[in-house]
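Inspection log for the structure reproduced underneath, given as structure tokens.
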Amino acid sequence: MGRKWNNIKDKKAEKDKNTSRIYAKFGVEIYVAAKKGEPDPESNAALKFVLERAKTYNVPKHIIDKAIDKAKGAGGEDYNELRYEGFGVGGTMVIVDALTNNVNRTASDVRAAFGKNGGNMGVSGSVTYMFDATAVFGIEDKSLDDVLEILLEADVDARDVFEEEDVTIVYAEPDQFHAAQEAFKAAGITEFSVAELTMLPQTEVKLTGEDKAKFEKMLDALEDLDDVQRVYHNADLED
């Protein structure tokens, strides 16, 4: 389990280096969530979730406010939520989630990112069956026993709880995200090193050498696309 957490952590650390890009993507995600429902996180669970994620990436308040204010206005852009599935070198599997106002552009860009880097797009369902949708929390300054007690008292059934590098990691069912989050907040935990809904691979593929370099180049190409929000994969890229 630990290695899967490292992949999430390393991905977040890499995104933190590209603040302008991640802020722009969060702006779109916040706008879409606010546009679909009430622009108030207390009555819009999707918006509340996105804002919690934004906090872990230190998205500035003015970007959040701008996106919500835009959603309050009449008209505005319409976005489609899309999921692409594909394969990389060495039998790796990749899931790409996107928000786009131009489906044809996004499909073409994603296909090109795969194709130019030794990969290829698959059909819907060709990859997702090998991943598990998972709520993941990273909690600092609380021991594993403390976290287990919080979850037990709140009747939240976690898939797995373990410690890694001074962080207690919690894996739970996706529909338990808000229950777990509220339980932690009730216990005084308001800051998370990660608070995500992610896709965890059931198995991983170790990549080294040229294959590793090619796969990382493909990941960069996908994540650099403005329409792409998140990329999940089953590659073990640790040295």
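For segment 60-101, how many residues meet the condition of being without any contact (Cβ under 8 Å) to a residue 12 or more places away in the chain and touching a strand residue (DSSP E or B) at 6+ places or on another chain (Cβ under 7 Å)?
So the answer is 0.
From the list 138, 122, pick out the single residue that is under 22 Å from the mean Cα position of the chain (by Cα), of a type outside the set (A, V, I, L, M, F, W, C) and closer than 21 Å to residue 174 by Cβ.
On the way: 122 fails: closer than 21 Å to residue 174 by Cβ.
The unique qualifying residue is 138.
Take segment 123-179 and flag every residue that is of a type in the set (Ser, Thr, Tyr), farther than 28 Å from residue 84 by Cα and in contact with a Leu (Cβ under 7 Å, 6 or more places away or on another chain). Full working, then the answer.
If we filter segment 123-179 for residues that are of a type in the set (Ser, Thr, Tyr), which is where we start, we get 124, 126, 128-129, 134, 143, 168, 171.
Within this subset, residues satisfying the condition of being farther than 28 Å from residue 84 by Cα are 143, 168.
Once the filter is applied, which keeps residues that are of a type in the set (Ser, Thr, Tyr), farther than 28 Å from residue 84 by Cα and in contact with a Leu (Cβ under 7 Å, 6 or more places away or on another chain), segment 123-179 yields only 168.
Could you pull out every one of the strands (runs of 3 or more DSSP E) wholly within segment 142-239 that has 3 or more residues that are at negative phi and without any contact (Cβ under 8 Å) to a residue 24 or more places away in the chain?
Of the strands (runs of 3 or more DSSP E) lying wholly inside segment 142-239, those with at least 3 residues that are at negative phi and without any contact (Cβ under 8 Å) to a residue 24 or more places away in the chain span 158-164.
Filter segment 46-79 for residues that are under 21 Å from residue 196 (Cα atoms) and outside any helix (DSSP H, G or I) and give the result.
Scanning segment 46-79 gives 57, 58, 59, 60.
Out of the residues in segment 118-149 that are of a type in the set (Val, Ile, Thr) and touching a Lys or Arg at 6+ places or on another chain (Cβ under 8 Å), which is modelled with the lowest pLDDT?
So the first thing to find is which residues in segment 118-149 are of a type in the set (Val, Ile, Thr), and the list is 123, 127-128, 134, 136, 139, 147.
Checking the rest, the ones that are also touching a Lys or Arg at 6+ places or on another chain (Cβ under 8 Å) come to 128, 134.
Numbers: 128: 96, 134: 93.
This residue is 134.
The values are calculated or read from the model by the stated rules, or taken from the named source; none is laboratory data. Model, not experiment: these values are computed from the prediction. Backbone-built Cβ (ideal geometry, glycine too); neighbour counts: all protein chains shown.
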